1. For region 17-30, how many residues meet the condition of being surrounded by fewer than 24 Cβ atoms within 10 Å (Cβ to Cβ), under 24 Å from Asp117 (Cβ atoms) and within 11 Å of ligand 2 (Cβ to nearest atom)?
2. For the list (1) more than 12 Å from ligand 1 (Cβ to nearest atom); (2) buried (at least 17 other Cβ atoms within 10 Å of the Cβ), I need the number of the one condition that Val121 fails.
3. Pick out the one residue from Ile116, Ile159, Ile131, Ile147 that is modelled with pLDDT of 95 or more and touching a Lys or Arg at 6+ places or on another chain (Cβ under 6 Å).
4. How many residues are assigned to a helix (DSSP H, G or I), in contact with a Ser or Thr (Cβ under 7 Å, 6 or more places away or on another chain) and closer than 20 Å to Pro173 by Cβ when one looks only at region 73-96?
5. I'm checking my understanding of the structure. Among residues of region 129-142 that are in contact (Cβ under 8 Å) with a residue 12 or more places away in the chain and in a helix (DSSP H, G or I), which one is farthest from Glu166 (Cα to Cα)?
6. Filtering region 31-67 down to residues that are among the aliphatic types (A, V, I, L, M) and surrounded by fewer than 17 Cβ atoms within 10 Å (Cβ to Cβ), which residue is farthest from Thr6 (Cα to Cα)?
7. Can you pull out every residue in region 97-128 that is on the phi < 0 side of the Ramachandran plot and assigned to a loop (DSSP other than H, G, I, E, B)?
Amino acid sequence: MIIAITGTPGVGKTTVSKLLAERLNYRYVNLRDYALEKGLGEMKGDELELDVDELVENFAKDFKGEDVVVDSHLAHHVPADIVVVLRAHPKLVAERLKARDYSKEKVGENVEAELIDVILVEAIEENENVIEVDTTGKTPGEVVEEILGLIERGVRRRIGIVDWSEVYDEVVPYLRL
Ligand SMILES: Nc1ncnc2c1ncn2[C@@H]1O[C@H](COP(=O)(O)OP(=O)(O)OP(=O)(O)O)[C@@H](O)[C@H]1O
Ligand SMILES: [Mg+2]
């Protein structure tokens, strides 16, 4: 089974994916590292620019039939059995990205993306089986348990569980308005 873990940068994908892969005894694949290994994409400054179609084609060929947890903000584009969209209060996203010394502009972009569900909407367009998980106030271990519980119960679609417009006022200071 291929499980894709996607979400806004800083939402906790890598932390959760590694733990989930360990629990399931699945292979962990970071899409960026995979692309670099395969010589896909082009470096523009310190950002890797990827042709999503090319990436998906290669991934599909290389991992068909394998048990994989694939981690990336592009993971919802690969042919996965289940797409997990991790969510976090946009303020948490902001604080984590700020701590990584991201520019104000980049923090703002990503906070806005989380606020308005950009990755969720893309994921729903790509895959029937989309499970949304709110990580806010939970430990990575708790998030992994929640994902495992849902999968074991046969849940394949659970969306619409957060609405960050309710906390818009708290998020405004981070937006580039
Ligand atoms: N419930 C949680 N789930 C996941 N991460 C959490 C949670 N609570 C706190 N964290 C912390 O949030 C940070 C998330 O960073 P992480 O690198 O996993 O995010 P990411 O989504 O992979 O980011 P990027 O898209 O830039 O790769 C880590 O420091 C992690 O310890
Ligand atoms: Mg990561």
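The values are calculated or read from the model by the stated rules, or taken from the named source; none is laboratory data. What you see is a predicted model; the values in this text were computed from it and never measured. Positions of Cβ are backbone-derived with ideal geometry, glycine not excepted, and every protein chain shown enters the neighbour counts.
1. Looking only at that region, the number is 1.
2. Going through (1) more than 12 Å from ligand 1 (Cβ to nearest atom); (2) buried (at least 17 other Cβ atoms within 10 Å of the Cβ) one by one, Val121 breaks only (2).
3. On the way: Ile116 fails: touching a Lys or Arg at 6+ places or on another chain (Cβ under 6 Å); Ile159 fails: touching a Lys or Arg at 6+ places or on another chain (Cβ under 6 Å); Ile147 fails: touching a Lys or Arg at 6+ places or on another chain (Cβ under 6 Å).
After applying the criteria, what remains is Ile131.
4. Qualifying residue count for the region: 2.
5. Gly141
6. Looking only at region 31-67, we keep the residues that are among the aliphatic types (A, V, I, L, M), and these are 31, 35-36, 40, 43, 48, 50, 52, 55-56, 60.
Filter again for surrounded by fewer than 17 Cβ atoms within 10 Å (Cβ to Cβ), leaving 36, 43, 48, 52, 60.
On the way: Leu36: 19, Met43: 22, Leu48: 17, Val52: 14, Ala60: 17 Å.
Only one residue tops the list, namely Met43.
7. Filtering region 97-128 for residues on the phi < 0 side of the Ramachandran plot gives 97-100, 102-116, 118-128.
Matches in region 97-128: Arg100, Tyr102, Ser103, Ile116, Asn127, Glu128.
Results for (1) under 19 Å from Lys106 (Cα atoms); (2) among the β-branched types (Val, Ile, Thr), shown as yes or no for each residue.
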residue: Ala4; (1), (2): no, no
residue: Thr8; (1), (2): yes, yes
residue: Val11; (1), (2): yes, yes
residue: Val16; (1), (2): no, yes
residue: Glu22; (1), (2): no, no
residue: Arg27; (1), (2): no, no
residue: Asn30; (1), (2): no, no
residue: Leu36; (1), (2): no, no
residue: Asp46; (1), (2): yes, no
